[in-house]
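Structure record follows, encoded as structure tokens.
The values are calculated or read from the model by the stated rules, or taken from the named source; none is laboratory data. From a predicted model like this one, the values you see are computed outputs, not experimental measurements. Glycine gets a Cβ as well: all are built from the backbone with ideal geometry, and neighbour counts include every protein chain shown. Accessible surface is based on the protein model in full, side chains and every heavy atom, while ligands, DNA and RNA are left aside. Shrake-Rupley method; radii C 1.70, N 1.55, O 1.52, S 1.80 Å.
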Amino acid sequence: MPPVHTLPDITPALPELFLVCAALALLMLGVFRGDRSVREVSWLAVAALLVALLIAWSHGGGSRQITFNGMFITDGFGLFMKVLVLIGSAVSIIMSMGYNEREGIARPEFPVLILLATTGMMMMISAHDLIALYLGLELQSLALYVVAAFRRDNAKSTEAGLKYFVLGALSSGMMLYGCSMVYGFTGTTSFETLAQTLHGTASIGLLVGIVFVSVGIAFKVSAVPFHMWTPDVYEGAPTPVTAFFAVAPKIAAISLFVRVMVEAFGGLTHEWQQIIQFISMASMILGSFAAINQQNIKRLMAYSSIGHIGYALIGLAAGNENGIRGILIYMAIYLFMNVGTFAVILCMRRDGKMVERIDDLAGLSRTQPATALAMAIFMFSMAGIPPLAGFFSKLYVFLAAINAGLVTLAIIGVLTSVVGAYYYLRIVKLMYFDEPTGAFDRPVGVEMKAVLFVTAVAMLFLGILPSYVVSGAEAAAAALFAG
């Protein structure tokens, strides 16, 4: 009797399938209705992301499900990260609408590309096999290469897209080589099988494979020494694209990093811990010191994001449930901090033109006190000053490192936080104590005001009552280790 092949259960992948179908439908709508459908397509894309979130919540429910011959997994950890990615993508589309219209680059392809990139991110989060990992990563990356260069008539945007494409292709090749090395020395690409077979010591070839896989993912999270693309791409890409790059792809790549290291290579924790410690340490140091002399606020945010990734990786270096809980808390708060900061940057317009110099924020408290207050909240939170949410995000990763015996890493984290506080507080000083250089245009659109208000309130609320995000992160981290 020939073997009977049954179709895989597609229920765990319903959010991804829905997003792909929504992206194709919106692409056709944009084709037939042209550029006049941009607003309509954008809002429908936001609705699609929220529907995907509801589907993930209702069908995932935190329960562990594996399908597609063990290549795709949903669990509490994946659900937590998918919620963050979907929120980040939806807010990025909302923030892009007014900007794209004012800059003359409003086209329906933009929200469609964001949907496709988000689908790739969700596949990355649910990857349970090295092949699924690579497919998700490439689906995300191909869409991101295009949106980085979306402003085709601008030399900086084109340069940003080209740099991201060349270096992204290099990193993808290195990671694929690492996957082939792992397969060559273990005979499997399945995370589950790798977890069962890898314990104690590993061969040199396998360790080389793990290093190359780590390099590929480190590029995607812009960790040192694979950060070289970040400042140029952040500065050159359209500002809403930079905001998107700063949140959703980072969250997806961090979750992929965690799943690969903990689930697939969990039996070799002592082997890869040193790699993560070095990457984390280097990212914190470079992110803190390189940002000091920056004059462009988007480049400042690029180095800031490198530093924040370094702090988040402290949790991965700990290699235990407390460390992963710290990462989840960090990325949830990181999402709101960055979205809010980029909303303020998008409001930096003078006489209808974008300004990006940090000095342009001088005296903002006198001309636009509400915007200045929101920016101050985000800057204090990024600096890790209590009682704002950013303090707790760092506290949990530092505690995880200390409990895991990584005291040196925690000390470096605290010291670089002090250095980083300088350039965050410098912005607050400029807004409140320097003479105004000229008034910004008033924030345009209800959407931007809503984003600023919600993110600022979230920073205050999560600082006073962090238990809301902590309890969810604890359950998600427990789900990852329960497998």
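Cross-link reach is defined here as a Cα-Cα straight distance under 14 Å, omitting same-chain residues fewer than 8 places apart; for residue 449 the aspartates and glutamates meeting it are 441. For segment 380-422, the equivalent ellipsoid derived from the Cα gyration tensor has semi-axes of 19, 12, 5 Å, listed largest first. When a 1.4 Å probe is rolled over the protein heavy atoms, the share of accessible surface on the chain that falls to carbon and sulfur comes to 68 percent. Restricting the calculation to Cα atoms, every distinct pair contributes to the Kirkwood radius of segment 21-87, found to be 13.5 Å.
As a ratio to 2.2 N^0.38 Å, the alpha-carbon radius of gyration for segment 75-121 is 1.34. Restricting things to alpha carbons, find the Rg to Rh ratio for segment 134-275 using the Kirkwood radius for Rh. Ratio of gyration radius to Kirkwood radius: 1.04.
Pairwise Cα distances in segment 293-408 exceed 25 Å for 31 percent of all pairs. Per the Cα gyration tensor, segment 192-291 maps to an equivalent ellipsoid with semi-axes of 29, 15, 10 Å, ordered largest to smallest.
Counting only residues at least eight positions apart within a chain, or on another chain, the lysines with an alpha carbon under 17 Å from that of residue 163 are 220, 298. In straight Cα distance, which aspartates and glutamates are under 15 Å from residue 429, not counting same-chain residues fewer than 8 positions off? Result set, ordered by chain and number: 359, 360.
Could you pull out which residues in segment 73-105 have an amide N less than 15 Å from a spot 7 Å beyond the Cα of residue 17, following the Cα-Cβ vector? In segment 73-105, the label zone of residue 17 (backbone N under 15 Å from the point 7 Å along Cα→Cβ) covers 73-74. Against the criterion of solvent-accessible heavy-atom surface with a 1.4 angstrom probe, 286, 409 sort, most first, into 286, 409. Think of segment 18-148 as a dipole: +1 on every Lys or Arg Cβ, -1 on every Asp or Glu Cβ, centred on the Cα centre; then among 112, 41, 70, 41 lies furthest on the positive end.
Accessible surface calculations at 1.4 Å, restricted to protein heavy atoms, place the chain at 37 Å² per residue. Over all directions, the projected convex hull of the C-alpha atoms in segment 341-397 averages 4.5 nm² in area. A Förster distance of 30 Å, applied to the separation of the beta-carbon atoms of residue 296 and residue 31, puts the FRET efficiency at 0.25.
Convert 10 °C to kelvin, take the viscosity as 1.306 mPa s, use the Kirkwood radius over C-alpha pairs of segment 152-234 as Rh, and evaluate the Stokes-Einstein diffusion coefficient in µm²/s, rounded to a whole number. After rounding, the answer is 112 µm²/s. Note on segment 1-54: Cα convex hull, mean projected area over all directions, 5.1 nm². Helix 204-220 and the longest principal axis of the C-alpha atoms of the chain enclose an angle of approximately 30°. The alpha carbons of segment 172-217 occupy a box of 26, 19, 17 Å along the principal axes, longest dimension given first.
Shape descriptor for segment 58-192: Rg over Rh equals 1.04 (Cα atoms; Rh from the Kirkwood inverse mean 1/r). For segment 1-122, the fraction of C-alpha pairs more than 16 angstrom apart is 62%. Could you give the angle, 0 to 90 degrees to the nearest 10, between helix 14-33's Cα long axis and the longest principal axis of the Cα atoms of the chain? Once rounded, one gets 50 degrees.
In the chain the Cα-Cα distances spread across 20 Å bins starting at 0 as 25, 59, 15, 1, 0 percent of all pairs. Taking the C-alpha atoms only, the angle from helix 321-346 to the longest principal axis of the chain is near 30 degrees.
Over all directions, the projected convex hull of the C-alpha atoms in segment 233-331 averages 6.3 nm² in area. Once the gyration tensor of the Cα atoms in segment 402-473 is diagonalised, the equivalent ellipsoid follows with semi-axes of 32, 23, 9 Å, ordered largest first. Ordering 161-172, 381-392 by mean Cβ neighbour count within 10 Å, with the highest value first, yields 381-392, 161-172.
Put simply, when 42-51, 314-323, 110-119 are sorted by average Cβ atoms within 10 angstrom per residue, most first, you get 110-119, 314-323, 42-51. Convex hull volume of the C-alpha atoms in segment 244-300, normalised per residue: 63 Å³.
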